[in-house]
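The structure appears below as structure tokens.
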Amino acid sequence: MVGTEIDLPAHIQKVARPATGDGLKRQLPRLSELRELLQFRSPELDPVKRRLLAAQTIDELRRVGQRTTPRSVFDYVDGAADEEVTANENVEAFRKARFVPEILHSVATPDLTTELLGKRIAFPLVFAPTGFTRMMHHEGEVAVAKVAARGNLPYALSTLGTTDIEGIREAAPGGDNWFQLYLTNSESLNNELIDRALGAGCTTVVLTTDCAVGGRRLKDVHNGLSIPPSLTFRTFSNMSRFPYWWINKLTTPAIEFASVRDFPWTNAEVAALLFDPGLDYEDLAWLRAKWPHKLLVKGVLSARDAVRVMDAGADGVIVSNHGGRQLDRTPATLDVLPSVREAVGPEATVILDGGIRHGQDIIAAIASGADAAMAGRAYLYGLMAGGERGVERAVEILRTEYQRGLQLLGLDATAKITTHHVRTPPAGFESTNNPGVAASVL
Ligand SMILES: Cc1cc2nc3c(=O)[nH]c(=O)nc-3n(C[C@H](O)[C@H](O)[C@H](O)COP(=O)(O)O)c2cc1C
């Protein structure tokens, strides 16, 4: 009888067929329909998996990371220099970009891949170099390198990594592993680092150039997170609320600058060496002569510098303000990207970093002239939230958003993104209501 029309008793008819008459034929409730509507998920017992699956965006992953990591560590990742103007504007610049779709194109199976430095990668994303990664989660750089290798994406190990160059090769032997170099005023250290990067099969060296001296990250200063650490009582008592973080930290190898551990210097001395105020074009020429593979210069923020660096023999530039962690009040990287691309021409490799928090940010970067985007904090939030699985989740979020963005734009391949697909307001522009569009993208 379920689902069959019946004659209802009068007192039920009153309710089911109200006096006003809704004109609908009623039937007995169908339990099968109810069952379809009320399909409860079986509870996820693994708390890490539960948290990660609940995070639908990088911002939500960030909040999970914030809850699971001591505040000083979270601040170290999340914070930036001085008033954090640049760090915020990096993100804001992407929020202001507007997408212009093309209709009536078949986009059923989009090709997300792209060619970067002679290799085909899964989609235009590179893992940025970040120091102290094992402080954020004990799985550290190894977790990031493994996710990158599995996902066919390049990973740049930092000179300040807490895993050494050889450790990365061991963890991710099939990965496209890059090495980020801080050239120091110790020639023996420079030579050794480059030789080891070569020996470990690194395909690309990234020379970071925006650290003549250390940026002033006020949150770290207030938390006492310096090298060596001088924690405040408040920082320490907050840390004590994260027993798992402590247990993992105390039961895994000590946090150190792993690639330079064999040199007879303390961490503080190494950190001082790494910020070399004497770095200049002669050093770049020296590196170019010594390093036989791809060489990128990171920290470029003007067309003029980009051209000079390319003339000095670099294979490409990374438009970067170090995620706003060095010189504050530099322009947002998305804003300077079109002029850099215009200056270096179509052949040079141009990568953008700073502010990538959504897969569509990567589309905006490509449309504005980049070959790929590099993300730092986005994957570190994942790492803090759940180690290797958290990094995997970050990539999954970015990749899904990237693919959906591409399809909704009417594009079936990364290669089809052009300047016509995004409108960015002129640099320095404040109101989101202004109809102005940058001349360079029209
Ligand atoms: C915690 C942290 C550590 C970093 N360490 C390094 C580093 O050792 N070398 C380097 O070249 N850049 C370093 N960076 C900068 C990143 O490579 C990248 O430029 C920046 O994170 C991009 O901005 P985003 O975090 O908004 O993606 C670091 C960034 C963060 C957040």
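Modelling each spin label as a point 7 Å along the Cα-to-Cβ direction, I'd like the GLN39/GLU92 distance in nm, to one decimal.
With each label point 7 Å from Cα toward Cβ, the separation is 4.5 nm.
Work out how much length GLU269 to HIS420 would gain on full extension: take 0.36 nm times their residue separation and subtract the Cα-Cα distance, in nm to one decimal.
Using 0.36 nm per residue and subtracting the Cα-Cα distance, I get 49.4 nm.
For the pair LEU198 and ALA108, how long in nm is the line joining their label points, each one 7 Å along Cα→Cβ?
5.1 nm
Please report the antiparallel percentage of the DSSP beta bridges confined to region 48-441, to the nearest 5. If you can, show how the numbers build up before the last one.
Details: 5 of 33 bridges.
For region 48-441, the DSSP antiparallel bridge percentage is about 15.
Residue by residue through region 351-368, what is 3J(HN,Hα) from phi via Karplus (6.51 cos²θ - 1.76 cosθ + 1.60, θ = phi - 60°)? Round to whole Hz and write x for glycine and proline.
10, 10, 9, x, x, 6, 10, 8, x, 6, 4, 5, 4, 4, 5, 5, 5, 8
Excluding same-chain residues fewer than 8 positions from LYS416, which aspartates and glutamates have a Cα within less than 15 Å of its Cα?
GLU102, ASP111, GLU115, ASP371
List the residues whose amide H sits under 5 Å from the amide H of LEU116, counting only those 5 or more places along or on another chain, with H placed 1.01 Å from N in the peptide plane.
ILE121
Could you run the Karplus curve 6.51 cos²θ - 1.76 cosθ + 1.60 with θ = phi - 60° over region 400-408 and give me ³J(HN,Hα) per residue in whole Hz, x for Gly and Pro?
5, 5, 4, 5, 4, x, 4, 5, 6
Taking R0 as 30 Å, what's the FRET efficiency between TYR244 and ASP412 from their Cβ-Cβ distance, rounded to 0.05?
Calculated transfer efficiency: 0.10.
Per residue and in Å³, how big is the convex hull formed by the alpha-carbon atoms of the chain?
213 Å³
When the helix-only estimate is applied to the chain (DSSP H runs of n ≥ 4, each -39,500 (n - 2.57), divided by the residue count), what is the mean residue ellipticity at 222 nm, nearest 500 deg cm²/dmol? Walk me through the numbers on the way to the answer.
On the way: 19 runs with 189 residues, N = 442.
It comes out at -12500 deg cm²/dmol, rounded to the nearest 500.
Could you give the distance between the Cα centres of region 186-245 and region 389-403, to the whole Å?
Answer, in whole Å: 26.
What's the FRET efficiency of THR400 with TYR281 using the Cβ-Cβ distance as r and R₀ = 41 Å, to the nearest 0.05?
0.45
In a GNM of the chain with a 10 Å cut-off on Cα contacts, which of VAL144, VAL48, VAL391 has the highest mean-square fluctuation?
Maximum fluctuation in the GNM of the chain, among the listed residues, is at VAL48.
Given N residues in region 316-380, what is its alpha carbon radius of gyration divided by 2.2 N^0.38 Å? It would help to have the intermediate numbers written out before the result.
Working: Rg = 11.2 Å, N = 65, 2.2 N^0.38 = 10.7 Å.
Region 316-380 yields a ratio of 1.04.
Taking only C-alpha pairs under 8 Å that are 6+ residues apart, what is the relative contact order of region 46-164 in percent?
Reported as a whole number, the value is 18 percent.
Give a residue-ordered list of calculated ³J(HN,Hα) values for region 271-280 (Karplus: 6.51 cos²θ - 1.76 cosθ + 1.60, θ = phi - 60°; whole Hz; x for Gly, Pro).
Once rounded to whole Hz, the list reads 4, 5, 5, 6, 8, 9, x, x, 4, 8.
Given H placed 1.01 Å from N in the peptide plane, which residues other than close sequence neighbours of GLU102 have an amide H under 5 Å from its amide H?
GLY410
Residue separation times 0.36 nm, minus the C-alpha to C-alpha distance between LEU218 and VAL100: what's the value?
Using 0.36 nm per residue and subtracting the Cα-Cα distance, I get 38.5 nm.
Run the reach check for LYS298 against aspartates and glutamates, Cα to Cα strictly under 13 Å, same-chain hits fewer than 8 apart removed. What comes back?
Within the straight-line cut-off, LYS298 pairs with ASP210, ASP315, ASP353.
Can you give me the C-alpha center-to-center distance between region 88-145 and region 247-293, rounded to a whole angstrom?
Value for the Cα centre distance between the two parts: 26 Å.
Evaluate the relative contact order of the chain (contact order divided by residue number), counting alpha-carbon pairs under 8 angstrom at least 6 apart; express in whole percent.
About 24 percent, as a whole number.
Order by neighbour count: LYS96, LYS25, LYS298, LYS49, fewest other Cβ atoms within 10 Å first, most last. Don't jump to the answer; show the numbers that get you there.
Values: LYS96 19, LYS25 7, LYS298 24, LYS49 13.
Least to most surrounded, the residues fall as LYS25, LYS49, LYS96, LYS298.
For the Cα atoms of the chain, what angle does the longest principal axis make with the long axis of helix 140-150, in degrees from 0 to 90, nearest 10?
70 degrees
Can you give me the distance in nm between label points at THR252 and ARG304, each placed 7 Å from the Cα along the Cα-to-Cβ direction?
4.5 nm
Taking amide H positions as placed in the peptide plane 1.01 Å from N, state which residues far from VAL126 in sequence (5 or more) or on other chains have amide H under 5 Å from it.
Placed amide hydrogens put ALA373, MET374, ALA375 under 5 Å from VAL126.
As a footprinting exposure proxy, order ASP283, ASP353, ASP22, ASP176 by other Cβ within 10 Å, with the fewest listed first.
ASP22, ASP283, ASP176, ASP353
Within 10 Å of each residue's Cβ, count the other Cβ atoms and sort MET384, MET239 from fewest upward.
If I rank by nearby Cβ atoms, fewest first, I get MET239, MET384.
Mind scanning LYS219/LYS290; LYS96/LYS219; LYS146/LYS249 and naming the pairs with a C-alpha gap bigger than 32 Å?
Correct reply: LYS219/LYS290.
Bear in mind that the values in this text are calculations on the coordinates, not laboratory data. All values derive from a computational prediction rather than experimental measurement. Counting neighbours? That spans all protein chains shown, and the Cβs are built from the backbone with ideal geometry, glycine included.
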